[in-house]
1. Filtering the range 15-58 down to residues that are among the small types (Gly, Ala, Ser) and farther than 30 Å from His250 by Cβ, which residue is modelled with the highest pLDDT?
2. Residue pairs, Cβ under 6 Å, 6 or more apart or interchain, first in the range 135-146 and farther than 15 Å from Ala271 by Cβ and in contact (Cβ under 8 Å) with a residue 40 or more places away in the chain, second open to solvent by less than 20 Å² (accessible area, probe 1.4 Å) and assigned to a helix (DSSP H, G or I). List them.
3. Output the qualifying pairs, or none if there are none: Cβ atoms under 6 angstrom, residues six or more apart or on different chains, first residue in the range 51-69 and surrounded by 11 or more Cβ atoms within 10 Å (Cβ to Cβ), second residue part of a helix (DSSP H, G or I).
4. Mind checking which strands (runs of 3 or more DSSP E) fall wholly inside the range 128-206 and carry at least 2 residues that are farther than 24 Å from Ser241 by Cβ and not charged (D, E, K, R)?
5. Out of the range 236-263, which residues are open to solvent by 20 Å² or more (accessible area, probe 1.4 Å) and either out of contact with any strand residue (DSSP E or B) (no Cβ under 6 Å at 6 or more places or on another chain) or in a loop (DSSP other than H, G, I, E, B) (or both)?
6. Being farther than 25 Å from Thr159 by Cβ and either modelled with pLDDT of 70 or more or polar (S, T, N, Q) (or both) is the filter here, so list the residues in the range 223-232 that pass it.
7. Among the residues of the range 180-195, what is the count of those that are more than 22 Å from the chain's Cα centre (by Cα) and surrounded by fewer than 23 Cβ atoms within 10 Å (Cβ to Cβ)?
8. Search the range 112-147 for residues being modelled with pLDDT of 75 or more and charged (D, E, K, R), and hand back the single one that is nearest to Gly239 (Cα to Cα).
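The values are calculated or read from the model by the stated rules, or taken from the named source; none is laboratory data. Since the model is a prediction, treat every value here as computed from it, not as a measurement. Note that each Cβ is placed from the backbone with ideal geometry, even for glycine, and that neighbours are counted across all protein chains shown. The protein model used for the area step is the full one, side chains on, heavy atoms only, and it has no ligands, DNA or RNA in it. Shrake-Rupley method; radii C 1.70, N 1.55, O 1.52, S 1.80 Å.
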Amino acid sequence: MLTSFSRRSSPAAIAGRLLRPIHRITATAQRLSLSTLHERIALAGPKDELKELADTFDAMLDRLERSVEGQRRFIANASHELRTPLAVQRAAIEIGLPEDVGEIRGTLLLHNHRAENLIDALLVLAQAEHGLDNRSPVALDEVVRLVLAERGSDGVTVTERAEPFVVDGDPVLLNRLVTNLLDNAVRYNHPGGTVEVTLSRGVLTVRNTGPHVPQERFGDLFEPFRRLHTTRGQGAGLGLSIVASIAKAHGANVRASPNPGGGLELVVVFAGSEDAVPAIDGI
């Protein structure tokens, strides 16, 4: 292979040409994510060890892309197949049962509503963990104001201060991220407590009053199906795990810390902010 180089080529030039395919393989591997699985190395040149390595890597990407696409189709089909019978069931309860049966009707509707919320949460979680297919500029400050305007406070005082900030991402998932943060802050609170929502320089902070969270429970906050016992309402335990997955899909980092006197401070640091750091796996 060395004989193909000119006698005038310097050792550095020869090394650069030899290492160029390796750099190309490395660069492609570093760029890859669930949203860029269509990329290939497509290394040209003689059938040597590096070409064989690149072709093997591309073949692996073919299999991985097909697998991910199959999972995405499953999620879309599951969304329809699971939601439809629950919607039919809810309609049957509302129309078929008279209101004078009272408690039975209310219990059935409550469990139906919880099942619908659980399925919706699981599908959102699966979608976020599979990455973003399409991105567009999203005014995160407008998302914050919209979520606060649409959601009730349940006896908790909510204050907001949001500076303009644009995120390159999915508007539906970002809306869900803010909604889940607010829901969590309201649910895990005292009657008459407070929630502060701040968006400043690409850092979204949601701080609430509420019960003390033991240090040993902090590892559970972003895990699916983990709930704190001190809750004002029943949730599936998926709220903050969905937040973490959506944040990771947008290249953001999530962290939690206790407030003096009780409650939590949840912080989402988006790419492009002054405090941005690489996202931590699982958080």
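1. Among those that are among the small types (Gly, Ala, Ser) and farther than 30 Å from His250 by Cβ, it is Ala54.
2. Here the result reads Val144/Val178, each pair linking the range 135-146 to a residue that is open to solvent by less than 20 Å² (accessible area, probe 1.4 Å) and assigned to a helix (DSSP H, G or I).
3. Going by the 6 Å Cβ cut-off, the qualifying pairs are Ala54/Ile25.
4. Filter on the range 128-206 gives 136-139, 157-162, 194-200.
5. Once the filter is applied, which keeps residues that are open to solvent by 20 Å² or more (accessible area, probe 1.4 Å) and either out of contact with any strand residue (DSSP E or B) (no Cβ under 6 Å at 6 or more places or on another chain) or in a loop (DSSP other than H, G, I, E, B) (or both), the range 236-263 yields Ala236, Gly239, Lys248, Gly251, Pro258, Asn259, Pro260, Gly261.
6. Correct list: Glu223 only.
7. The number of residues fulfilling the criteria is 5.
8. For the range 112-147, the residue satisfying everything is Glu116.
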